[in-house]
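The values are calculated or read from the model by the stated rules, or taken from the named source; none is laboratory data. Just so you know, these numbers come straight off a predicted model, no measurement behind them. Using ideal geometry, Cβ is built from the backbone for each residue, glycine included, and neighbour counts are taken over all protein chains shown. To get the accessible areas, we keep the full protein, side chains included, count just its heavy atoms, and leave off ligands, DNA and RNA. Shrake-Rupley method; radii C 1.70, N 1.55, O 1.52, S 1.80 Å.
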Amino acid sequence: MLRGAAFFRSVQAKLIIVYMLLILIAMQLIGVYFVSAMKASLTNNFTNDLKEQAELLSVLAGQNWTGSGEAAEDKTASLRTLVDNFSSMSSGEIQVIDVSGRVLITSLSTHADLVNSKNTQTVVSRALQGIDDNEEYIVDEDNLRKKVVAKPVFSGGKIVGAIYIVASMQGLYDTMQRINSIFISGVLIALSLTAVLGVILAHTVTQPIKEMTKRATAVAEGRFHVRMPVFGKDEIGQLGEAFNHMTSRLQGVLSLNEEEKEKLSSILTNMSDGVIAADESGSVILVNRVASAMLGMREADIIGRSISELLDLPEEDGDLNAAGLRSIILGGSGGTPDSPGSPGGRDDLTIKATLSPIHRRESGTEIGVSGTIAVLQDVTEQERLDMLRREFVANVSHELRTPLTTIKSYTEALEDGALDDRAVAGRFVGVIQNETERMIRLVTDLLQLSRMDSKETALRRKKADLFELIEEVAERFAFPLRSKGIELRLNASPELGTVNVDRDQIDQVLDNVVSNAMKYTGEGGRVTLDAHRLEDGRRYAIVVSDTGIGIPKEEIGRIFERFYRVDKARSRGMGGTGLGLAIAREIVEAHGGEIAIESDLGQGTRVTFTIPAYAEGGGDK
């Protein structure tokens, strides 16, 4: 008795009982719904068929109703033919009734005695009154259930009789009875199978639960993370208690671990440096988005590759297990343009790779290296700035040293006796003055660039007539250009409009550009000043073109660099410092414009820069 009671309290017994009850209830609900729906469908179909037959027969009877005498006999024969044809398609009795309720024709020979007698059925009376929808359910003296339908017959717009059909529903109910028997048999078979499957299923479920319950205590020591609700004292309840005991100990530790993991993932994804992690063998196991972009490869193509091959590390740095932090500068994104690390064959990218080993620890003691972390930094711009800074210092030193050397030499010559010869002394003093002025121009240009770089020079924008501005430049250079035999052309309309600029600074840009055009254009050449409004209506373009010596294509990209000169010796001889175009670009860009140079060697040069138009209200348009 005790073992039997314990069995019914077990999960296995509960599963079997609940499973069988669910199947039984489900089958019963399905059965009730199915039988009800089937009965309603069969009854509706049966009734609709009778109605359609009665409707069709009433229409045909109405077409053959008229006539008297011999015609009346023909009418009766026609109606008899109709009734016989329809009775062959129906298992019920069909009667044709005249307007007085008298039976004219019946389809059953056994009911021939009803002919000429009066049919007093309610449905017949309703049909003779013109009511179209007449049906009735009856049970005759033999306890047979039948369906009765009556339809009025119209001829010439008048009711001349009725069609009466009565059909037995016994076949329909026999069909329903067979369906019920089949369904009951199916339910019994399903319950039998459910009982067998329930035993198997209950055993399959409860046995693993018992095993899991035994292991849950060990998992509670720190090797698993799940929380289960406790619903009772059965096997599932015991399992829930064990898992809850484990979860209470792990919840704080694992929550902290997840938070740290999320922080690390967020930092890794959003940091500006590239990060690559490799395992002990050097195969890449992790890479962030920035590193993928630097290497010009997809993350999927990087994972699994050797980090030494990927970065094309030098042989002396290829030992990933070497101790300590190492920084390596990798040109061309980690190697030559054809190396695996070169993004798309680029060799203009400079990357600083910092390699750091990941140490494996046990009980606070290092026992080996488990991997490597490589941090990639794009130092291309930094290297470029360092190079420019070195070039700038070298250029300034060179530009200052040359005039200082000249001044020193001529000063020593004056000290050595040239001062006594007034003609020679005057020439030497003139050279010293020229070199001094050259140094002053150089220092002045450097100071101006310095102020522009530090944003100390504020633009004093004012409204100015663009044609007047261009015309003044042309007038300033008219005499020097004529003296050199150079033609000056001004292609600008007096109706150009107004601009919003710092007049002095734009004059400086124009003076510099026109001066360069004059310097490098020989006798018989031409310098052209052109100005027009751009299509956007917000800016003007000023173009200075010449027919001078031009600039080689490979030099145009560096023409705006500070101290850069295409022909250094000739430029210096003409008094140039190499800073004019650099200053011009700074001024134009400070106005929100752009400056560009187009040139062909021996064909001349075309300098174009844009400045903002003046808008009503005093601002840029």
Residues of the stretch 346-370 satisfying the condition of being modelled with pLDDT under 70 and touching a Gly at 6+ places or on another chain (Cβ under 8 Å): Arg346, Asp347, Asp348
Selection from the stretch 262-294 of residues that are surrounded by fewer than 11 Cβ atoms within 10 Å (Cβ to Cβ) and assigned to a helix (DSSP H, G or I): Glu262, Lys263, Leu264, Ser266, Asn270
Test: residue in the stretch 184-195 that is modelled with pLDDT under 70 and hydroxyl-bearing (Ser, Thr, Tyr): no
I want to confirm something. Restricting to the stretch 544-555 and keeping residues that are of a type in the set (A, V, I, L, M, F, W, C) and out of contact with any Ser or Thr (no Cβ under 6 Å at 6 or more places or on another chain), which single residue is surrounded by the fewest Cβ atoms within 10 Å (Cβ to Cβ)? Ile549
Of the numbered conditions (1) in a loop (DSSP other than H, G, I, E, B); (2) of a type outside the set (A, V, I, L, M); (3) at pLDDT 85 or above, Asp132 fails exactly one; give the number of that condition. (3)
Per the filter on the stretch 132-174, residues under 30 Å from Ile23 (Cβ atoms) and loosely packed, with under 13 Cβ neighbours inside 10 Å are Asp174
Of the numbered conditions (1) open to solvent by 80 Å² or more (accessible area, probe 1.4 Å); (2) of a type in the set (Val, Ile, Thr); (3) modelled with pLDDT of 80 or more, Val96 fails exactly one; give the number of that condition. (1)
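Just wondering, is there one or more residues in the stretch 491-507 that are free of Cβ contacts under 8 Å to residues at least 12 places away in the same chain and of a type outside the set (A, V, I, L, M, F, W, C)? Show your work before the answer.
Of the residues in the stretch 491-507, the ones free of Cβ contacts under 8 Å to residues at least 12 places away in the same chain are none.
So far as the stretch 491-507 goes, no, none of its residues is free of Cβ contacts under 8 Å to residues at least 12 places away in the same chain and of a type outside the set (A, V, I, L, M, F, W, C).
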Ser454 is checked against (1) at pLDDT 85 or above; (2) more than 28 Å from Asp546 (Cβ to Cβ); (3) small (Gly, Ala, Ser) and fails just one. What number does that condition carry? (1)
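Over 30 Å from Leu400 (Cα atoms) and either among the charged types (D, E, K, R) or in contact with a Ser or Thr (Cβ under 8 Å, 6 or more places away or on another chain) (or both), is that true of Ala531?
Numbers: over 30 Å from Leu400 (Cα atoms): yes; either among the charged types (D, E, K, R) or in contact with a Ser or Thr (Cβ under 8 Å, 6 or more places away or on another chain) (or both): no.
So Ala531 fails the test.
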Near pairs, Cβ below 8 angstrom, 6+ apart or cross-chain, from the stretch 421-445 (farther than 19 Å from Gln508 by Cβ and among the polar types (S, T, N, Q)) to any residue that is open to solvent by less than 30 Å² (accessible area, probe 1.4 Å) and assigned to a helix (DSSP H, G or I): Thr436/Pro403
Number of the condition not met by Val509 [criteria: (1) under 24 Å from Thr605 (Cβ atoms); (2) among the β-branched types (Val, Ile, Thr); (3) in contact with a strand residue (DSSP E or B) (Cβ under 6 Å, 6 or more places away or on another chain)]: (3)
Go through the stretch 468-502 residue by residue and tally those that are under 30 Å from Gly522 (Cα atoms) and open to solvent by less than 30 Å² (accessible area, probe 1.4 Å). 9
Spot the failing condition for Lys621; the list is (1) charged (D, E, K, R); (2) modelled with pLDDT of 70 or more; (3) closer than 25 Å to Ile470 by Cα, and only one is missed. (2)
Among the residues of the stretch 497-511, write down those that are within 18 Å of Phe479 (Cβ to Cβ) and either of a type outside the set (A, V, I, L, M, F, W, C) or at pLDDT below 85 (or both). Asp507, Asp511
